[in-house]
Every structure is written in structure tokens, then in C-alpha cells.
Amino acid sequence: MGVGARDTLRKMLARMAGKKEEDITSRDMATCKKLIIKSLSPFYSAISTDPVYGYPSCIKYIPKDTGLILSIEDTGYEPAGETGRERKSKFMSEWGVDKAKRAGADAVKLIIYYRKEVSSKIKEHQKKMAKKVGEECEKYDILYILEIMSYPLFEDEIKDNTNYARNLPEIVTDYTEEFSKPEYRVDILKIDFPADLKYCAEFAKGEFDGRKRKALYTIQDVKDLCRKISDISSVPWVILSGGSGIKEFLIKVKIATENGASGFLGGRPLWQGAISFYPDVDKMEEWLMTSGVENFKKLLKVSENATPWFSHKKFESFANIELEDGGESWHKNYQSFTPAPIRSGKNSSEQSTC
């Protein structure tokens, strides 16, 4: 489950509280993230959060057997290019893979925005960021999750989302092929669902938001697209939520996992309902412990056919997995690292290092 949102969460809280974004404090952000993680982390295999508001306030609430994924990019993006429509990602200052490892993370996640049509300068910047993190993750022996986010770039896509939805399948297949290349050292790709279901013939009459749209593809087309992604990607892949509502996200997860995806790493569809009760933290927690948990159960059911990471074509079988450079000299060649701090298991007095 993803609870890494920063700018987006701040906007959501400000809207619900009738405040300006700058009036939402760090404490507001931390309190909200703590409620979400404390309530839902026991149910999920891993929690993704940020080191600014998420980790400091929530680490003691993450059970010891729930994985911790820490982000390392700065929130948002820098407008770039001649038109200002291109998006340039940047690293968080005074933070990196080494600190994430030492903080006890089980994986590092980097978000980059990508369109192949942008200027060569911005495109190379994004690629270098992805490669740098891959090198660092290999150095510090930690799992690398790369999240690629597409976005409307051209004027016709910005004016009419239909044009962007029409181009989305090609956008996603293109960046999947690029960033699953060995030089990026990615372990798991987190990508957009390769089509906008709102433009699928079966849902184009307004199934999710009441707005009718022109049908661009069918359910079978979408299934074929997911299968194509599975054929293209040389590493296991999961889908991001992209701000979908839970109803739409459930369908995306079902289609993706039945056609090669290894699961999902979603955020807002899972917990955003609780934000509607902000700033009443008691009601927020009640929503999370009921509707939030129910969302998890539904997602677990629709993703039961997900491809285990060890069954991906990269490995084919768990039986093929071996320690890299294993042998009698492995212990001599393996590089050491600074031990992580102690993490407590929720509802347990037992402590363990991660």
C-alpha cells in the first residue's frame, strides 16, 4: 500500500478543512499518515511511505513482518522544456539509498515522469536518475522499485483527455521496454495501467463518474495490452492506482493480475475515503478500520491470480534462484553495511532489526 503522497495529500486536506495549502502543517500531514499506516499496515505485505512525514511518525506502527518501502525523490516535479510542459524529477536533498537502507527500509522507490517525446536533455536527466538509483541499490544490496508516471504533454492531450487516453497504451509499452533494460538494475517496475478504463467500451457510458465518453478500446483490447506489457517487461511489474476510485482500481487490478502483473502498489483508492472526514481523526480512523479494511479484502480477492515474482520469466521458478556470486568465498567478498535501527512489531514486545 502506498502512503507516500505529499503535495497531493496536502491539497486534499486543505480542501476538506477549507484552508489554504500553506496552512496545512507538518503535524497535519504526519497525523493523517499515521492514521492510515497504523490502521492498515497489518493487512498489507508492504507499506510505501516518505521520509518526511511518513517514516518519522509511523515506523513504530508498521509490523515487523510488513515490508517498508521508502521513497527518495522530491515531491512533485520541475516544469521544463521550451513549453514548460515537460516534467523534470529531482532527488530529495540530504537523503538517498544509503540512508534509506540504514533506516531499515526493505526497498527503495523512485518516481520519475517520462515521455519519450520530450527534449533529449530532460529525457537523459530522467534516465540518469533511474540508473543512479539502480547503481546505489546494487551497492547497498536493497530492492529497487522504479515507478514511471506518464502525463499529458501535447496541447491536444491537455485540451482533450481523449487524445491522451488514445496514446496511453503506446506510452506505457514504450517506457516499460526502456526501463526494464538491465542497465537500470530495476527489480520491480511500477507502471500506469496501460489504458484508461473510462474510455473502454464496456465502461464509456459513465460507469465510474457518470460522464459519457467516446469508446477507444474494448475489455479484450485492454487484456491484450496487459499481456503485451508482460511480454515486454524483463522484470516483474505491478500497477499504480493513478488516482482511480476503488471501483475502477479493483477492475484494473483484476485485469492486470490475470494477464501477467505481479500485483499492485496503490495509494489513494485504498484510503482516500477517510480524508472526507478530516479533521475528525476519530471518524477517519473508524472509516479506515472498516471501509479501508474492506477495500483490502476486495483487492486481495481480485488479485489472487497475480504472477509471483519468482515465477516471472526472469526467474521462471523459485528453484532457479541462487545467491549472486555464491560459493565458499562469498562471505569474504560481500560488502558490509551499517546495521539498521530497531523496529518494533505492532502489538508485540519483541524487537528485531530489519
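What follows is calculated from the coordinates using simple rules that are stated; it is not laboratory data. Here the structure is a predicted model, which means the values were calculated and not measured. Here the Cβ is made from the backbone with ideal geometry for all residues, glycine too, and neighbour counts use every protein chain on show.
Points worth noting:
- Counted over the stretch 223-294 with a bin width of 5 Å, the fraction of Cα pairs per bin, in whole percents, is 3, 17, 21, 19, 14, 10, 8, 6, 3, 0.
- Selection of trypsin sites (Lys or Arg not before Pro), the stretch 1-73, meeting DSSP coil and at most 12 other Cβ within 10 Å: 20
- Selected from 274, 30, 107 as most flexible by GNM, with the chain as the system and alpha-carbon contacts under 10 Å: 30
- Residue among 173, 49, 25 with the largest mean-square fluctuation in a Gaussian network model of the chain, springs linking Cα atoms under 10 Å: 25
- q = 0.10, 0.18, 0.20 Å⁻¹: log10 I(q)/I(0) that the Debye formula gives for the stretch 39-186, counting C-alpha atoms only: -0.40, -1.07, -1.20
- Report summary: the helix-based calculation at 222 nm, which adds -39500 (n - 2.57) for every DSSP H run with n ≥ 4 and divides by the residues of the chain, gives -11500 deg cm²/dmol.
- Considering only alpha-carbon pairs that sit under 8 angstrom and 6 or more positions apart, the relative contact order computed for the stretch 36-76 is 48 percent.
- Relative contact order for the stretch 2-353, counting Cα pairs under 8 Å that sit 6 or more residues apart, in percent: 16 percent
- Computed log10 I(q)/I(0) for the stretch 159-305 at 0.13, 0.15, 0.19 Å⁻¹: -0.63, -0.81, -1.14, from the Debye equation with unit scatterers placed on every C-alpha and solvent omitted.
- Scattering profile of the chain at q = 0.14, 0.15 Å⁻¹ [log10 I(q)/I(0), Debye over alpha-carbon scatterers]: -1.33, -1.54
- Long pairs among 34/90; 228/252; 252/301, criterion Cα-Cα beyond 18 Å: 34/90
- Using a cut-off of 29 Å between Cα atoms, the listed pairs 64/127; 64/223; 99/332 include 64/127; 64/223 as exceeding that distance.
- Charge tally for residue 139 (other residues, Cβ to Cβ under 11 Å; Lys, Arg +1; Asp, Glu -1): -2.
- For the residue pairs 60/314; 205/254; 11/33, the C-alpha atoms sit more than 25 angstrom apart in 60/314.
- C-alpha center-to-center spacing [the stretch 146-180, the stretch 240-273] in angstrom: 18 Å
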